[in-house]
Amino acid sequence: MERALIVCDNEKGIDFYKSFLKENGIVDIVVTSNGPETKRFMSDYDFDICIINGPLGRENAEALAVDIAEKNVCQVLLFVKAQYFEEIAANVEDYGVITVSKPINKQLFWQALKLARVAQRRIGMAKSQNAKLEQKLEDMKLISRAKLLLIVNKDLSEEAAHKYIEKTAMDARSSRVEVAKEIIREYEGE
């Protein structure tokens, strides 16, 4: 389920954004009205989409959008007055912020929301792939550490240590990582 954050400091705007998101299947919605409150929520919860309705009183909605985009994996939609659209869009696009001009055209909002959802799915896929690669790297480190322990303690060559881990894993019907962990426990007492 998608979770959205709306940053808006007026009731009419809040009602509009909430209604539009609900119409498009997003019902887990949190609303904030200023930067500090938004940053607190962003540190406590993961959001898929963040909608910022600029301007935010005396706060800089553009800076908040960039800050959120840099520090979080959610997709940011920034709504700005038409007269500032080109300038602000140019300033935030390098951070992946989608800028939408006000007054809001529902069709354009729908397209921006759809684009944000697609981008968020791509970010999620990349994050998942990154986690897999990080795990693979950690596994390789464990196996290398176990090989080194075998080389030092059993006076094996690197190739022999590698074969020892593979054969032990096959014989025990477990993974090389589990065998490596057992070797590390045996020689390092971990």
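Things to note:
- Around the Cα centre of the range 132-188, unit charges on the Cβ atoms of Lys, Arg, Asp and Glu (plus for the first two, minus for the last two) sum to a dipole of about 140 debye.
- Relative contact order (percent, whole number), the range 3-104, Cα cutoff 8 Å, 6+ residue spacing: 25 percent
- Burial ordering of V66, V73, fewest other beta-carbon atoms within 10 Å first: V73, V66
- Only alpha carbons enter this Debye calculation for the range 3-104, each as an equal point scatterer, and the log10 of I(q)/I(0) it gives at q = 0.10, 0.19, 0.21 Å⁻¹ is -0.23, -0.88, -1.10.
- Qualifying trypsin sites (Lys or Arg not before Pro) for the range 17-124 [loop in DSSP, other Cβ within 10 Å: at most 10]: R58
- Candidate lysines - alpha carbon under 27 Å from K71, same-chain residues fewer than 8 apart omitted: K18, K22, K39, K81, K102, K114, K127, K132, K136
- Between K39 and R185, the modelled labels are 4.5 nm apart [label points 7 Å from Cα along Cα→Cβ].
- Distances between every pair of Cα atoms in the chain, grouped in 5 Å steps from 0 to the bin holding the largest one, split as 1, 7, 14, 15, 13, 7, 4, 4, 6, 7, 7, 6, 5, 2, 0 percent.
Values quoted throughout were computed directly from the atomic coordinates according to the rules given, and no laboratory measurement underlies them. Since the structure is predicted, the reported quantities are computational estimates derived from the model, not experimental observations. Positions of Cβ are backbone-derived with ideal geometry, glycine not excepted, and every protein chain shown enters the neighbour counts.
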